[in-house]
Amino acid sequence: MKRVLIATSNPGKLRDFAGAALSHGIEIASLPGFASLPAVAEDGLTFEDNARKKAEFYSRFAPGEIVLADDSGLEVDALGGAPGVHSARYAADEPHKAENNTDDEANNVRLVRELKAVPPEKRTGRFVCVIAAARDGKTLAVFRGKAEGIILDNPRGHNGFGYDPLFYFPQIRKTFAELTAQEKAGYSHRGAAFRQFLGWCDERS
(Lines give C-alpha, C1' and ligand atoms only; values in the text may rest on other atoms or scores of the structure.)
Protein backbone atom coordinates (compact mmCIF):
# COMPACT_ATOMS: atom_id res chain seq x y z
CA MET A 1 0.00 0.00 0.00
CA LYS A 2 1.34 3.40 -0.99
CA ARG A 3 1.90 5.84 1.88
CA VAL A 4 1.39 9.59 1.83
CA LEU A 5 2.76 11.77 4.63
CA ILE A 6 0.67 14.69 5.87
CA ALA A 7 2.23 17.60 7.76
CA THR A 8 -0.40 17.83 10.47
CA SER A 9 -1.19 16.50 13.91
CA ASN A 10 -4.86 17.47 13.58
CA PRO A 11 -6.78 14.19 13.95
CA GLY A 12 -9.78 15.63 12.10
CA LYS A 13 -7.69 16.45 9.04
CA LEU A 14 -6.01 13.05 9.11
CA ARG A 15 -9.47 11.41 9.23
CA ASP A 16 -10.59 13.49 6.25
CA PHE A 17 -7.55 12.52 4.18
CA ALA A 18 -7.79 8.87 5.19
CA GLY A 19 -11.47 8.80 4.22
CA ALA A 20 -10.66 10.09 0.73
CA ALA A 21 -7.62 7.82 0.28
CA LEU A 22 -9.23 4.56 1.35
CA SER A 23 -10.72 3.65 -2.02
CA HIS A 24 -7.39 4.37 -3.73
CA GLY A 25 -5.42 1.93 -1.59
CA ILE A 26 -3.34 4.71 -0.07
CA GLU A 27 -2.34 4.83 3.58
CA ILE A 28 -2.36 8.23 5.24
CA ALA A 29 0.17 8.94 7.97
CA SER A 30 1.25 11.99 9.91
CA LEU A 31 4.81 13.11 9.22
CA PRO A 32 6.96 11.11 11.70
CA GLY A 33 7.81 13.15 14.77
CA PHE A 34 5.62 16.02 13.55
CA ALA A 35 4.59 17.08 17.06
CA SER A 36 8.23 17.73 18.00
CA LEU A 37 9.07 19.74 14.87
CA PRO A 38 9.13 23.55 14.90
CA ALA A 39 5.87 25.28 14.07
CA VAL A 40 5.59 27.23 10.83
CA ALA A 41 4.14 30.74 11.10
CA GLU A 42 1.00 30.71 8.96
CA ASP A 43 1.27 34.38 8.05
CA GLY A 44 0.50 34.10 4.34
CA LEU A 45 -2.18 36.26 2.77
CA THR A 46 -3.78 33.30 1.00
CA PHE A 47 -4.47 29.62 1.67
CA GLU A 48 -1.94 28.74 -1.05
CA ASP A 49 0.78 30.85 0.56
CA ASN A 50 0.40 28.98 3.84
CA ALA A 51 0.08 25.52 2.26
CA ARG A 52 3.25 25.99 0.19
CA LYS A 53 5.18 27.38 3.13
CA LYS A 54 4.27 24.42 5.36
CA ALA A 55 4.81 21.75 2.70
CA GLU A 56 8.23 23.06 1.71
CA PHE A 57 9.41 23.42 5.30
CA TYR A 58 8.22 20.04 6.57
CA SER A 59 9.27 18.07 3.48
CA ARG A 60 12.87 18.72 4.48
CA PHE A 61 12.33 16.40 7.47
CA ALA A 62 11.43 13.42 5.22
CA PRO A 63 14.09 13.33 2.47
CA GLY A 64 12.88 11.90 -0.81
CA GLU A 65 9.25 11.59 0.35
CA ILE A 66 6.29 13.58 -0.94
CA VAL A 67 4.83 15.53 1.96
CA LEU A 68 1.42 17.20 1.82
CA ALA A 69 0.37 20.26 3.75
CA ASP A 70 -2.95 22.01 3.48
CA ASP A 71 -4.39 25.30 4.51
CA SER A 72 -8.12 25.55 4.63
CA GLY A 73 -10.87 27.63 6.10
CA LEU A 74 -14.32 29.09 5.85
CA GLU A 75 -15.26 32.13 3.77
CA VAL A 76 -18.61 33.71 4.68
CA ASP A 77 -20.07 36.12 2.13
CA ALA A 78 -21.90 38.28 4.68
CA LEU A 79 -18.61 38.78 6.55
CA GLY A 80 -16.66 39.84 3.48
CA GLY A 81 -14.91 36.48 3.20
CA ALA A 82 -14.00 36.21 6.89
CA PRO A 83 -12.80 34.26 8.76
CA GLY A 84 -10.77 33.11 5.72
CA VAL A 85 -7.09 32.39 6.39
CA HIS A 86 -7.74 33.20 10.06
CA SER A 87 -10.42 30.49 10.44
CA ALA A 88 -8.50 28.48 13.05
CA ARG A 89 -7.82 31.59 15.15
CA TYR A 90 -11.13 33.41 14.69
CA ALA A 91 -12.04 33.59 18.38
CA ALA A 92 -8.86 35.54 19.21
CA ASP A 93 -9.23 39.26 19.91
CA GLU A 94 -7.02 39.96 16.90
CA PRO A 95 -7.03 36.81 14.74
CA HIS A 96 -4.45 38.20 12.31
CA LYS A 97 -1.95 38.59 15.16
CA ALA A 98 -2.72 35.37 17.06
CA GLU A 99 0.12 32.84 17.10
CA ASN A 100 -1.93 29.89 18.30
CA ASN A 101 -5.20 28.37 17.12
CA THR A 102 -8.27 29.00 19.23
CA ASP A 103 -10.75 26.38 20.39
CA ASP A 104 -13.20 25.07 17.75
CA GLU A 105 -16.19 25.78 19.96
CA ALA A 106 -15.04 29.34 20.64
CA ASN A 107 -14.57 29.94 16.91
CA ASN A 108 -18.09 28.65 16.25
CA VAL A 109 -19.57 30.82 18.98
CA ARG A 110 -18.00 33.92 17.47
CA LEU A 111 -19.23 32.99 13.98
CA VAL A 112 -22.82 32.53 15.21
CA ARG A 113 -22.63 35.85 17.07
CA GLU A 114 -21.35 37.74 14.01
CA LEU A 115 -24.14 36.33 11.84
CA LYS A 116 -26.92 36.90 14.36
CA ALA A 117 -28.62 39.67 12.37
CA VAL A 118 -28.05 38.04 8.95
CA PRO A 119 -31.15 36.36 7.41
CA PRO A 120 -30.85 32.67 6.38
CA GLU A 121 -30.83 33.41 2.64
CA LYS A 122 -27.72 35.58 3.06
CA ARG A 123 -25.76 33.11 5.19
CA THR A 124 -23.93 31.66 2.20
CA GLY A 125 -20.31 30.64 2.40
CA ARG A 126 -17.78 28.07 1.37
CA PHE A 127 -15.07 25.89 2.73
CA VAL A 128 -11.83 26.29 0.78
CA CYS A 129 -8.84 23.96 0.86
CA VAL A 130 -5.46 24.28 -0.84
CA ILE A 131 -3.09 21.32 -0.68
CA ALA A 132 0.58 21.67 -1.57
CA ALA A 133 2.74 18.65 -2.35
CA ALA A 134 6.45 19.14 -1.75
CA ARG A 135 9.62 17.07 -1.78
CA ASP A 136 13.00 18.08 -0.36
CA GLY A 137 11.89 21.67 0.22
CA LYS A 138 10.35 22.32 -3.21
CA THR A 139 6.66 22.52 -4.12
CA LEU A 140 5.79 20.01 -6.82
CA ALA A 141 2.11 20.87 -7.32
CA VAL A 142 -0.84 22.67 -5.73
CA PHE A 143 -4.46 21.47 -5.61
CA ARG A 144 -7.63 23.42 -4.75
CA GLY A 145 -11.07 22.37 -3.63
CA LYS A 146 -14.18 24.11 -2.32
CA ALA A 147 -17.64 23.30 -1.03
CA GLU A 148 -20.53 25.78 -1.08
CA GLY A 149 -23.00 25.80 1.80
CA ILE A 150 -25.06 27.75 4.32
CA ILE A 151 -24.09 28.70 7.87
CA LEU A 152 -26.61 27.57 10.51
CA ASP A 153 -27.63 29.21 13.81
CA ASN A 154 -27.13 26.05 15.81
CA PRO A 155 -24.60 23.23 15.48
CA ARG A 156 -25.72 19.84 14.19
CA GLY A 157 -23.79 16.57 14.34
CA HIS A 158 -20.77 15.31 16.26
CA ASN A 159 -18.47 13.75 13.65
CA GLY A 160 -16.68 16.78 12.28
CA PHE A 161 -14.28 19.39 13.56
CA GLY A 162 -13.82 23.11 13.13
CA TYR A 163 -16.91 24.73 11.61
CA ASP A 164 -18.38 21.43 10.36
CA PRO A 165 -21.37 21.46 12.79
CA LEU A 166 -22.51 24.85 11.41
CA PHE A 167 -21.83 24.16 7.74
CA TYR A 168 -25.04 22.94 6.09
CA PHE A 169 -24.62 21.33 2.68
CA PRO A 170 -27.95 21.76 0.80
CA GLN A 171 -27.17 18.99 -1.69
CA ILE A 172 -27.55 16.35 1.02
CA ARG A 173 -29.47 18.37 3.63
CA LYS A 174 -26.90 17.67 6.31
CA THR A 175 -24.03 19.45 7.99
CA PHE A 176 -20.51 18.13 7.49
CA ALA A 177 -20.55 17.04 11.14
CA GLU A 178 -23.41 14.66 10.40
CA LEU A 179 -21.30 12.66 7.94
CA THR A 180 -18.77 9.87 8.38
CA ALA A 181 -15.20 10.58 7.24
CA GLN A 182 -15.79 8.63 4.02
CA GLU A 183 -19.10 10.40 3.30
CA LYS A 184 -17.56 13.78 3.99
CA ALA A 185 -14.68 13.03 1.62
CA GLY A 186 -17.19 12.79 -1.22
CA TYR A 187 -18.47 16.34 -0.71
CA SER A 188 -15.86 18.34 1.17
CA HIS A 189 -13.35 20.93 0.03
CA ARG A 190 -10.52 18.79 1.40
CA GLY A 191 -11.84 15.71 -0.39
CA ALA A 192 -12.07 17.64 -3.68
CA ALA A 193 -8.49 18.94 -3.40
CA PHE A 194 -7.20 15.54 -2.34
CA ARG A 195 -8.88 13.80 -5.29
CA GLN A 196 -6.97 16.17 -7.57
CA PHE A 197 -3.79 15.10 -5.82
CA LEU A 198 -4.71 11.43 -6.29
CA GLY A 199 -5.29 12.07 -10.02
CA TRP A 200 -1.88 13.75 -10.20
CA CYS A 201 -0.35 10.70 -8.51
CA ASP A 202 -2.02 8.38 -11.02
CA GLU A 203 -0.57 10.38 -13.93
CA ARG A 204 2.93 10.07 -12.49
CA SER A 205 2.78 6.33 -11.80
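Are any residues in the range 157-179 of a type in the set (S, T, N, Q) and within 16 Å of the chain's Cα centre (by Cα), and if so, which ones?
Across the range 157-179, the qualifying residues are N159, T175.
State whether the residues of the range 129-144 include one that is farther than 13 Å from F197 by Cβ and among the hydrophobic types (A, V, I, L, M, F, W, C). No, that holds for no residue. Here G125 meets the list (1) surrounded by fewer than 18 Cβ atoms within 10 Å (Cβ to Cβ); (2) within 13 Å of F169 (Cα to Cα); (3) under 17 Å from the mean Cα position of the chain (by Cα); (4) not acidic (D, E) almost entirely, failing just condition (1). The condition of being assigned to a helix (DSSP H, G or I) and either within 17 Å of the chain's Cα centre (by Cα) or touching a residue at least 60 places away in the same chain (Cβ under 8 Å) (or both) holds for A55. Condition first: in contact (Cβ under 8 Å) with a residue 24 or more places away in the chain and either touching a helix residue (DSSP H, G or I) at 6+ places or on another chain (Cβ under 7 Å) or surrounded by fewer than 19 Cβ atoms within 10 Å (Cβ to Cβ) (or both). Now tell me which residues in the range 187-200 satisfy that. Matches in the range 187-200: Y187, S188, R190, G191, F194, R195, Q196, L198, W200. Scanning the range 63-86 for residues that are small (G, A, S) and either assigned to a strand (DSSP E or B) or modelled with pLDDT of 95 or more (or both), we see that the one that is surrounded by the fewest Cβ atoms within 10 Å (Cβ to Cβ) is G80.
Scanning the range 1-51 for residues that are of a type in the set (D, E, K, R), within 17 Å of D71 (Cβ to Cβ) and part of a helix (DSSP H, G or I) yields K13, D16, E48, D49.
None of R144, R113 is closer than 21 Å to R190 by Cβ and of a type in the set (K, R) except R144.
On inspection, G19 qualifies as out of contact with any Pro (no Cβ under 9 Å at 6 or more places or on another chain) and either more than 20 Å from G137 (Cβ to Cβ) or crowded, with 18+ Cβ neighbours inside 10 Å (or both). Any residue at all in the range 39-48 that's surrounded by fewer than 16 Cβ atoms within 10 Å (Cβ to Cβ) and farther than 26 Å from A134 by Cβ? No, the range 39-48 has no match at all.
Conditions tested, residue by residue: (1) among the acidic types (D, E); (2) within 22 Å of E99 (Cβ to Cβ); (3) in contact with a Gly (Cβ under 7 Å, 6 or more places away or on another chain).
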position	(1), (2), (3)
S9	no, yes, no
F17	no, no, no
A20	no, no, yes
I28	no, no, no
P38	no, yes, no
A41	no, yes, no
A51	no, yes, no
S59	no, no, yes
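Of the residues examined, G81 is one that is on the phi > 0 side of the Ramachandran plot and touching a strand residue (DSSP E or B) at 6+ places or on another chain (Cβ under 6 Å). For the range 151-201, how many residues meet the condition of being at pLDDT 95 or above, basic (K, R) and in a helix (DSSP H, G or I)? Number of matching residues: 0.
Set side by side, the residues V109, V142, V130, V118 differ, and just one is modelled with pLDDT of 95 or more and assigned to a loop (DSSP other than H, G, I, E, B), which is V118.
The values are calculated or read from the model by the stated rules, or taken from the named source; none is laboratory data. Source: prediction; values computed, not measured. Cβ sites come from the backbone with ideal geometry, for glycine too, and all protein chains shown count toward neighbours.
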